[in-house]
Every structure is written in structure tokens, then in C-alpha cells.
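**Student:** Structure incoming, see below.
The values are calculated or read from the model by the stated rules, or taken from the named source; none is laboratory data. The shown structure was predicted, so the numbers you read here are calculated from the model rather than taken from an experiment. We place every Cβ from the backbone using ideal geometry, glycine too, and count neighbours over all the protein chains shown.
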2 protein chains.
Amino acid sequence: MFELFGFEPLETPIIELKETLFGKGGDETNRLIYAFSKGPDDIGLRFDHTVPLARVVAQHLGEITIPYRRYAIGPVFRADKPQKGRYRQFWQCDFDMVGTRSPVADAEVIALSYTTLTRLGFTDQFVTDVFDRRALNGMAQVIGALTKEQSFAVLRGWDKLAKVPREKIGAEVEVAGVDREVFNRYTDELLAIANSSVANDRVIDCLAELFPNNQLATEGFQGLREILRYLAAYGVPEKRVRINPTLARGLDYYTGPIFETVVEEAGVGSVTGGGRFDNLIEDLGGPSIPATGSSFGLERLVEVLRILNIAQPEKTPVQVFVASFDTRSTELVEHAVTIATELRHSGIRTELFMGEGTLGKQLQVADRRGAPYAVFAGPDEMAQKAVVIKNLRTELVNGDKVKMKTANQRLVPRRELAAELRRLIA
Amino acid sequence: MFELFGFEPLETPIIELKETLFGKGGDETNRLIYAFSKGPDDIGLRFDHTVPLARVVAQHLGEITIPYRRYAIGPVFRADKPQKGRYRQFWQCDFDMVGTRSPVADAEVIALSYTTLTRLGFTDQFVTDVFDRRALNGMAQVIGALTKEQSFAVLRGWDKLAKVPREKIGAEVEVAGVDREVFNRYTDELLAIANSSVANDRVIDCLAELFPNNQLATEGFQGLREILRYLAAYGVPEKRVRINPTLARGLDYYTGPIFETVVEEAGVGSVTGGGRFDNLIEDLGGPSIPATGSSFGLERLVEVLRILNIAQPEKTPVQVFVASFDTRSTELVEHAVTIATELRHSGIRTELFMGEGTLGKQLQVADRRGAPYAVFAGPDEMAQKAVVIKNLRTELVNGDKVKMKTANQRLVPRRELAAELRRLIA
């Protein structure tokens, strides 16, 4: 999907310099970084793919054609408390566009998420929440958050509305120096707008009425309107996107639109998350270059596909299990080797039994492997230049799995073996 | 290839407990481990896939059907001095068989390496060196290495013969308490055997004559003979394998046959390495379960393929670049979005230009991306329900890349665009 949308792969190392990682996500993220020293180097494990991308762009700008689209699929690390759908090592499938402030880029990020989830088999189970950091910061100014810390406190409060009691949020906002009553009054209105089932454009209208005459907020609202307009051109249905004024996201580096896809009925948190990070490349020593992007959380996505029964993880099992008629006989083991080698040459996924054990024990192993066919040849079959094919597939009889009764085992000429097995497997 | 040989994937975390990693590879390896603490945990980054596999088998034995074949493809970490073909983070493609002492398993490890390299396009450029730790330890006993330390000193000495001056090796062996003259006399004979161009079986005969009446050595030689016999059944040509009595390999955990594939003309070190590790699972708290395996070094393999011009890394470039006729016009950008969306739906890898810039600038970007076709539509084309396809492919004229002159640019009806581009790309 990333390549279909014109993104190219760029893999960065798992280890970064500590100074690259720290201070980009905020205090909370700093605490979660696996940081350490090795020899003279202060280093750490990446906690996302975005900060390393920004570092690479800052460092190798001459080798990159801007605008630049890249994707990365690999593990990231956060020393968080493990819980359902949240691991200390998890895979992010990240995609970013570097070099443009255009809202069409933000819309494309949402469109790629939508198209991917749809191709995976999701229909109406998901919605991408969208909001904007400029809008949030402007809104926070309107209710009296004047310093960066006050603004963060208000944004954090709004972001936690679904999980934390209002009493506790109000207390935290007050500690930061924001009038608790003003905060509460605006928050009630905000929740009323967020929970109204009006169209996204109307949500923005209501917000613009509630927070008028603030330049940042107005810019943010305007950006959101443009994104909505482009999303229509991308063919993303209105219902798959929700303007959500309580979405703030945790990472400090976001500067504009932010996105998060949730599958509410699965109950494992968001499956995508991202946003615009126009200052991060400059923070890492590069010129001022805008960028936007998002990532899929691979484990969560797989978990949600499983919970909603949209798809189950698939194995690529062994197709043929070659047993040795007598594992103590070098000749018979050699014969099994030549059979396995021949089948592999003809493209059949083949396991050769290794070790000691009776034919019966070997067929038990074949069975547990889920191999549909086993193959073996004893001295009699060798003399006849033939091989036994045993059908290991099961069928359901009265709810019990039983071995297929038909053609359970038969002799085929040695030289027809590969062709016969290919026919059976097909 | 791993699945063709009946291996199934098992991915383990990049972080392991420090106690799992230390003491498995030897002092040299211990020094290279990225180890650190996070909260109450003493942890480190895996330096290979073998130790984590052994830990998983020891810990989850009840969930595994023995014999068990698994593969793992992913990064491992060693804080080594970086040099050509040697990186601190590198990818190992590892495969292991757990639960059998049979030499047919060791032969299958070599056969899988041979088959994979052959499929990659190698012909006679590579050879897999094979030897045996039991044989080496027995040979070291014969020349007077009685303690584990003395044995290690002798094995390390032999392993370094190609790289380190004999004088230095002799001194190190002497420090360990082994008679230097005896070591030198046997080493000369060993080199003479290793450098003779006799068949592998004959190499083993000569070694058996040089190191007679030692049980370990005899066991090791017998194991090597059996491996050679099975390799013939696997169809591995005699010349692709070399019994090399100076191969010892660095890691402590090997207990039997060891393997290493070298491509001498590429000069970047071995591209595969492995061996039998019958005690490692027990060392990690499990029962005594034998195992053998090997791994490909991915970066080195890619480097060798490039050096020998067998294969070059391939990109999956953008097929069509959609430009916006005027990036300041929301309508024209929207129109470009609908074109890109349609092409992506029909499976064409499409980049949509993002940001600001003239059509000329956008076509330069398309060119640098290597896109063979660009597509755009201005107000006139929109009125005609048509789109311009521009051919960006180059041809060589007198050694210079020049734009294709034929059919450089033409108009096609909007509704025929995807089909026409699919036809052009095919």
C-alpha cells in the first residue's frame, strides 16, 4: 500500500544517539526511552520512526529529493507497562511526507490509512479522529492558557476526558494556573459539540463560534476544512472521519493536523496515529522543512483483525512430510534425503524428519505439523522403485476431526512422485 | 527457501535478559554485547538469533513439537569496530533444527545454504568450510592441551592462521601452557593437509592418521564422514564443500560440526556461519536437547551479490507521477487527487505531487524519482474531459541519456486513462 501511494522504503538503525531521541516526545516519552551508554556513546533505542526520519533528513538533505515520501516497517521500543495490545517492543508501519505544508498531504495520510484498512477487510468498524494542534493551542489561549505549560495542561486534560474523572482533570489544570471554572465551562461545550451527531463541517462551524477571534484557532479550523474537502476528492466517506476537538495526542513534536484511527468495538486503543511535525527536522539541526505522517501499530492491527474476525493469522505450513522408514539405516535415511531434495526442487514445501523414531512416531510429528501428506519408502518400495503417499488430512465427522478414509495410503512410482504430489496439493 | 525446507518463522524480542546473553559466546562476544539497565531489569540486545531461540525452547518446551525447525530474519547487535561488510547492527537470516543429534540435520543445514546461494545466482564462487568442535578438541588434546583454556588457545590459534603471524599465535599458545614446538609441528602438518588439493574424504583420512587414538577426534572425524555422505544425497557438489581443519569459529556454544561459507573473490568475510549447539538449551535452564543451525549475513550477502555483479539491489519505483497544473488552485489540486486515487485503485503505483511549484518543477521531481510517466490536466484538458500523459523514459544516444523523442506527450480521454497507463506500463 505504501508503494501504491508512491512511498519508498527508508530503514534507519534501531539505535540512535540519546540526544536525538530526548526532548522530542515530551517528559512522558523521555521516561519510556531505553537509553544507555556503550563505550563513549550515549545512545538509546528509537521510540518511533518519525524522530529518526527527521534526523536522517537533517543529516542527509543533499541526497534526498524534496518533496520526499518514505515508509519504514520495524520495531520501536517504549518501556511502558505492558498490557493488552501494548508491548515494550512493537512494530510501527510508518509513512511520512517531507517538504510540504499543503493540507492535501495531511488528507493523503488519512486517505492511505482509509484505503489500507478497507483493503484489509474493515468496513464501517473504524473511524479516523482528526484535529489540529494549532486549533487546540488557540482554543487553550481563549480559555486563558498563556504559557506553554498551561497550554499542555489544557490539551492533556482534553485528551484524557474519556479515561480520567473530570474532577482530577480540573485539579491538574488548576495546578498549572488555568481557571478551573472557565476550563470546565468550555469543556462542557466542547463535549456537547463533539458528541453531537452533526456533520464534520458543522462541528468546525460550532467550534469557530465557541472560540472566535483567535488567530491560531482560526488557522487550525481552516486547515481542517481544507483537509475535509480533499478527503472527499480521495473518496474517503464522511463517516470514516470524525473532527474530534478532544483529540490532542501525546507527542510534543506535532505542530498541526493530528490523526488517530480507532476501532471502538475491539477495545484495544488506536490502530493508527500521526500528525504534522513542521519543526522536528529543524530541531534536529536541519533547515526548516515541514512534514506530516502517520503509522499503523502492527500488533494492534493484527489483534483487531482477529477480535473482529476479519482475518486470522495464516501459517505457511509444510505441504509434504518425508519420513524415514528406519532412522537407524543410513541407506534408508539417504533415500529419504533424495526424495525430500527432489520435492524441494519442484517447489513443494517439504519437511524431512530428522532424528530417531519409528515410522508411527514420525507420522505423529507430521500430523502435529499440519502437513496434508506424508511420504516414505521402505526396502520393498525401494525395490519396486515406488513410494508410499499417506493422506493426513482430516475431515469433520459428527463434530470430531477424523482422518480421511478415502485413499488413505497408496503406492506411486518414484519418478511420478513430485508430479502426483503437486497435483494433490493443487 | 526456509519454508521450502519446512522451517517455520519464530520471531523473538530484540531485548533479552542480560543473564541470557552473557557467557554464551565467550569473553570476546561478552565485550560486544549492548547491555544496560532499565528500571529493575538488567537487559541487553541480542547478538545473534541462536541464544534467544535456545532460551525460548527452554522456556516454552511444552508448546513446541520436537523435532522443531524454525527460522528468524532480523537485526542483531555487536559493538564491534565497524568496517567493510561489518556493522554494529546487521541482519541475520537464521535457521535451526532442534531435537536431533543426527548428522543428516547438519548436512541439511549445509544443503539449505548451498541451495539458497545457487538460487541467488552463485555458481562456483563459494565454498562452505566444514569442521567439527569435537575433532578440534580431540586434536588439541593430542598436542597437549589438557584444560579448557588450553584447548581454546589452540583452537583460536588455528582459526587465526590466515590472519595473524605464526610467531604471535605460537606465543599465545605458549602463554596458555601448551608446548609451542609441538603446536608448531602439528600446525605445519595441519596446514599441509588443509592446503593439499585432495578430496574431502582423503583430508579426513590424513587427519585421522595425524591424530590417532583420541576418542573425541575420532568421533568428530566420523561425524564429518557421515555429513559428506549425506551431502551427496542432497545433491551438493563435492567442490562446494571443504573439510577445513583450521576452521574453529568464535562462539563458545558450538559442540560439534561447524560451518562457514566464504566467497573468496569478494573479500568481505563469510556469508553464512553456524554449527551444532547441543548444550545451549540446557545451559539456559531447559532439558538436554541437541540442536544445529546456521545463518546468512544479509548485508554481506547483498554486498557480495553486488561486488560479483550477480544481482543489484532493485527498487520498486513509482510508475506514474501525477502533477498539479496549478498548485495554488484547490480545484486543480482536487482534480489531481481524483486522478491519483483512480490510478491507485487500478493498482498503479502512483505519486501525487505535494506542495507548491510550477509544472516544470514538478516534472523535474518526477524525473528524479525515475517515474516513467507523468500525468496532468489543466483547465482546457478538464473541459475536454481529457488528461495529458507525458513519457519521461530516457534512451541512450551516443552514451548520453536523452528523453525518448517518440510520443513524448499526448492527450487521452479521462475515462481511458487507467487502462491506457496499465497498457503502457505492461
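**Student:** Quick one: is B:Val98 at the interface with chain A (Cβ under 10 Å from one of its Cβ atoms), in contact with a Phe, Trp or Tyr (Cβ under 9 Å, 6 or more places away or on another chain) and buried (at least 20 other Cβ atoms within 10 Å of the Cβ)?
**Tutor:** Details: at the interface with chain A (Cβ under 10 Å from one of its Cβ atoms): yes; in contact with a Phe, Trp or Tyr (Cβ under 9 Å, 6 or more places away or on another chain): yes; buried (at least 20 other Cβ atoms within 10 Å of the Cβ): yes.
Taking the combined requirement at face value, the residue satisfies it.
**Student:** On to the next question. I want to confirm something. Restricting to segment B:74-95 and keeping residues that are away from chain A (no Cβ under 12 Å) and under 24 Å from B:Ile110 (Cβ atoms), which single residue is modelled with the lowest pLDDT? Steps first, please.
**Tutor:** Filtering segment B:74-95 down to residues away from chain A (no Cβ under 12 Å) leaves B:83-86, B:92-95.
Those left that are additionally under 24 Å from B:Ile110 (Cβ atoms): B:85-86, B:92-95.
Working: B:Gly85: 78, B:Arg86: 84, B:Gln92: 98, B:Cys93: 98, B:Asp94: 98, B:Phe95: 98.
In this case the residue turns out to be B:Gly85.
**Student:** Suppose we filter segment A:1-26 for residues that are facing chain B (nearest Cβ under 8 Å) and of a type in the set (A, V, I, L, M, F, W, C); how many remain?
**Tutor:** Residues of segment A:1-26 that are facing chain B (nearest Cβ under 8 Å), as a first pass: A:3-6, A:8, A:13-15.
After this cut, where a residue has to be of a type in the set (A, V, I, L, M, F, W, C) as well, the list is A:4-5, A:14-15.
Number of matching residues: 4.
**Student:** Find all pairs meeting these conditions: Cβ atoms under 7 angstrom apart; at least six residues apart or on different chains; first residue within segment B:308-320 and more than 11 Å from chain A (Cβ to nearest Cβ); second residue surrounded by 14 or more Cβ atoms within 10 Å (Cβ to Cβ) and assigned to a loop (DSSP other than H, G, I, E, B).
**Tutor:** B:Leu308/B:Gln125; B:Ile310/B:Phe122
**Student:** Can you pull out every residue in segment B:184-204 that is closer than 15 Å to B:Glu238 by Cβ, at pLDDT 95 or above and not aliphatic (A, V, I, L, M)?
**Tutor:** B:Asn200, B:Asp201, B:Arg202
**Student:** For segment B:177-193, how many residues are surrounded by fewer than 18 Cβ atoms within 10 Å (Cβ to Cβ) and not in a helix (DSSP H, G or I)?
**Tutor:** The qualifying residues number 2.
**Student:** Any idea how many residues of segment A:101-130 are crowded, with 22+ Cβ neighbours inside 10 Å, more than 8 Å from chain B (Cβ to nearest Cβ) and small (Gly, Ala, Ser)? Break it down stepwise before answering.
**Tutor:** Within segment A:101-130, the subset crowded, with 22+ Cβ neighbours inside 10 Å is A:102-114, A:117, A:126, A:128, A:130.
Restricting the remaining residues to those that are more than 8 Å from chain B (Cβ to nearest Cβ) gives A:103, A:106, A:109-110, A:112-114, A:117, A:126, A:128, A:130.
Now drop any that are not small (Gly, Ala, Ser), which leaves A:113.
So the answer is 1.
**Student:** Before we move on, is A:Asp201 under 31 Å from the mean Cα position of the chain (by Cα), farther than 15 Å from A:Ser151 by Cα and not in a loop (DSSP other than H, G, I, E, B)?
**Tutor:** Working: under 31 Å from the mean Cα position of the chain (by Cα): yes; farther than 15 Å from A:Ser151 by Cα: yes; not in a loop (DSSP other than H, G, I, E, B): yes.
Taking the combined requirement at face value, the residue satisfies it.
**Student:** Of the numbered conditions (1) under 30 Å from B:Thr128 (Cα atoms); (2) surrounded by fewer than 18 Cβ atoms within 10 Å (Cβ to Cβ), B:His345 satisfies every one except a single condition; which is it?
**Tutor:** (1)
**Student:** List pairs: first residue in segment A:33-44 and at the interface with chain B (Cβ under 9 Å from one of its Cβ atoms) and under 13 Å from B:Gly44 (Cα atoms), second residue part of a loop (DSSP other than H, G, I, E, B) and of a type in the set (Phe, Trp, Tyr) anywhere in the structure, Cβ distance under 6 angstrom, at least six positions apart or on different chains.
**Tutor:** Every condition considered, the pairs that remain are A:Lys38/B:Tyr34.
**Student:** On to the next question. Counting only residues that are among the hydrophobic types (A, V, I, L, M, F, W, C) and over 25 Å from B:Ala426 (Cα atoms), which one in segment B:354-392 is surrounded by the fewest Cβ atoms within 10 Å (Cβ to Cβ)?
**Tutor:** Quick first cut of segment B:354-392, residues among the hydrophobic types (A, V, I, L, M, F, W, C) only: B:354, B:359, B:363, B:365-366, B:371, B:374-377, B:382-383, B:386-389, B:392.
The next check asks that each one be over 25 Å from B:Ala426 (Cα atoms); those that pass are B:354, B:359, B:382-383.
Numbers: B:Met354: 28, B:Leu359: 18, B:Met382: 15, B:Ala383: 9.
Applying the filter and picking the extreme gives B:Ala383.
**Student:** Specify the residue that is surrounded by the fewest Cβ atoms within 10 Å (Cβ to Cβ); the eligible residues are those in segment A:229-244 that are within 12 Å of chain B (Cβ to nearest Cβ) and aliphatic (A, V, I, L, M). Spell out how you get there, then give the answer.
**Tutor:** Residues of segment A:229-244 that are within 12 Å of chain B (Cβ to nearest Cβ), as a first pass: A:229-236.
In the following step, the residues that additionally are aliphatic (A, V, I, L, M) were identified as A:231-233, A:236.
Details: A:Leu231: 26, A:Ala232: 15, A:Ala233: 21, A:Val236: 22.
For segment A:229-244, the residue satisfying everything is A:Ala232.
**Student:** The conditions are (1) within 11 Å of chain B (Cβ to nearest Cβ); (2) in contact with a Ser or Thr (Cβ under 7 Å, 6 or more places away or on another chain); (3) surrounded by 19 or more Cβ atoms within 10 Å (Cβ to Cβ); (4) over 26 Å from A:Ala208 (Cβ atoms), and A:Pro290 fails exactly one of them. Which is it?
**Tutor:** So the condition that A:Pro290 fails would be (4).
**Student:** Okay, next question. Determine which member of the set A:Leu207, A:Leu136, A:Leu216, A:Leu146 is within 30 Å of the chain's Cα centre (by Cα) and either in a loop (DSSP other than H, G, I, E, B) or touching a residue at least 24 places away in the same chain (Cβ under 8 Å) (or both). Give the derivation first.
**Tutor:** On the way: A:Leu207 fails: within 30 Å of the chain's Cα centre (by Cα); A:Leu216 fails: within 30 Å of the chain's Cα centre (by Cα); A:Leu146 fails: within 30 Å of the chain's Cα centre (by Cα).
Exactly one of A:Leu207, A:Leu136, A:Leu216, A:Leu146 is within 30 Å of the chain's Cα centre (by Cα) and either in a loop (DSSP other than H, G, I, E, B) or touching a residue at least 24 places away in the same chain (Cβ under 8 Å) (or both), namely A:Leu136.
**Student:** For the list (1) modelled with pLDDT under 90; (2) within 9 Å of another protein chain (Cβ to nearest Cβ); (3) assigned to a strand (DSSP E or B), I need the number of the one condition that A:Glu395 fails.
**Tutor:** (2)
**Student:** Which of (1) exposed (fewer than 15 other Cβ atoms within 10 Å of the Cβ); (2) touching an Asp or Glu at 6+ places or on another chain (Cβ under 8 Å) does A:Arg202 not meet, given it meets every other one?
**Tutor:** It is condition (2) that A:Arg202 fails.
**Student:** Looking at segment B:47-73, which of its residues are more than 11 Å from chain A (Cβ to nearest Cβ) and free of Cβ contacts under 8 Å to residues at least 40 places away in the same chain?
**Tutor:** Across segment B:47-73, the qualifying residues are B:Phe47, B:His60, B:Gly62, B:Glu63.
**Student:** Of (1) out of contact with any helix residue (DSSP H, G or I) (no Cβ under 6 Å at 6 or more places or on another chain); (2) of a type in the set (D, E, K, R); (3) within 23 Å of B:Thr338 (Cα to Cα), A:Glu226 satisfies all except one. Which?
**Tutor:** Looking at each condition in turn, A:Glu226 falls short on (1).
**Student:** Also: Taking segment A:8-23, which residues are surrounded by fewer than 23 Cβ atoms within 10 Å (Cβ to Cβ) and either at positive phi or without any contact (Cβ under 8 Å) to a residue 40 or more places away in the chain (or both)?
**Tutor:** Correct list: A:Pro13, A:Glu16, A:Leu17, A:Lys18, A:Glu19, A:Phe22, A:Gly23.
**Student:** Of the residues A:Gly85, A:Gly26, which single one is among the small types (Gly, Ala, Ser) and buried (at least 20 other Cβ atoms within 10 Å of the Cβ)? So that I can check it myself, show each step before the final result.
**Tutor:** On the way: A:Gly26 fails: buried (at least 20 other Cβ atoms within 10 Å of the Cβ).
Testing whether each residue is among the small types (Gly, Ala, Ser) and buried (at least 20 other Cβ atoms within 10 Å of the Cβ) leaves just A:Gly85.
**Student:** To continue, here is another question. Step by step: first the residues of segment B:33-71, then only those that are farther than 30 Å from A:Gln364 by Cα and aromatic (Phe, Trp, Tyr), then the one that is surrounded by the fewest Cβ atoms within 10 Å (Cβ to Cβ). Which residue is that?
**Tutor:** Looking only at segment B:33-71, we keep the residues that are farther than 30 Å from A:Gln364 by Cα, and these are B:33-48.
From what is left, the residues that are aromatic (Phe, Trp, Tyr) are B:34, B:36, B:47.
Values: B:Tyr34: 25, B:Phe36: 20, B:Phe47: 24.
The qualifying residue surrounded by the fewest Cβ atoms within 10 Å (Cβ to Cβ) is B:Phe36.
**Student:** Is it the case that some residue within segment A:164-174 is under 31 Å from the mean Cα position of the chain (by Cα), outside any loop (DSSP other than H, G, I, E, B) and either over 30 Å from B:Gly347 (Cβ atoms) or outside the structural domain of A:Leu216 (by TED's automatic domain parsing) (or both)? Give the steps one after another, and end with the answer.
**Tutor:** Step one: filter segment A:164-174 for residues under 31 Å from the mean Cα position of the chain (by Cα), giving A:164-165, A:169.
Checking the rest, the ones that are also outside any loop (DSSP other than H, G, I, E, B) come to A:169.
Narrowing further to those that are either over 30 Å from B:Gly347 (Cβ atoms) or outside the structural domain of A:Leu216 (by TED's automatic domain parsing) (or both): A:169.
Among the residues of segment A:164-174, at least one is under 31 Å from the mean Cα position of the chain (by Cα), outside any loop (DSSP other than H, G, I, E, B) and either over 30 Å from B:Gly347 (Cβ atoms) or outside the structural domain of A:Leu216 (by TED's automatic domain parsing) (or both), which makes the answer yes.
**Student:** Quickly run through segment B:347-365 and pick out the residues that are under 23 Å from B:Lys385 (Cβ atoms) and more than 10 Å from chain A (Cβ to nearest Cβ).
**Tutor:** If the condition is that a residue be under 23 Å from B:Lys385 (Cβ atoms) and more than 10 Å from chain A (Cβ to nearest Cβ), then B:Leu359, B:Leu363 are the ones that fit.
**Student:** Right, here's the next one. Give just the number: which of (1) at the interface with chain A (Cβ under 10 Å from one of its Cβ atoms); (2) under 39 Å from the mean Cα position of the chain (by Cα) does B:Val333 not satisfy?
**Tutor:** (2)
**Student:** Which number in (1) closer than 30 Å to B:Tyr114 by Cβ; (2) surrounded by fewer than 20 Cβ atoms within 10 Å (Cβ to Cβ); (3) in contact (Cβ under 8 Å) with a residue 24 or more places away in the chain marks the one condition that A:Thr338 misses?
**Tutor:** A:Thr338 satisfies all of (1) closer than 30 Å to B:Tyr114 by Cβ; (2) surrounded by fewer than 20 Cβ atoms within 10 Å (Cβ to Cβ); (3) in contact (Cβ under 8 Å) with a residue 24 or more places away in the chain except (3).
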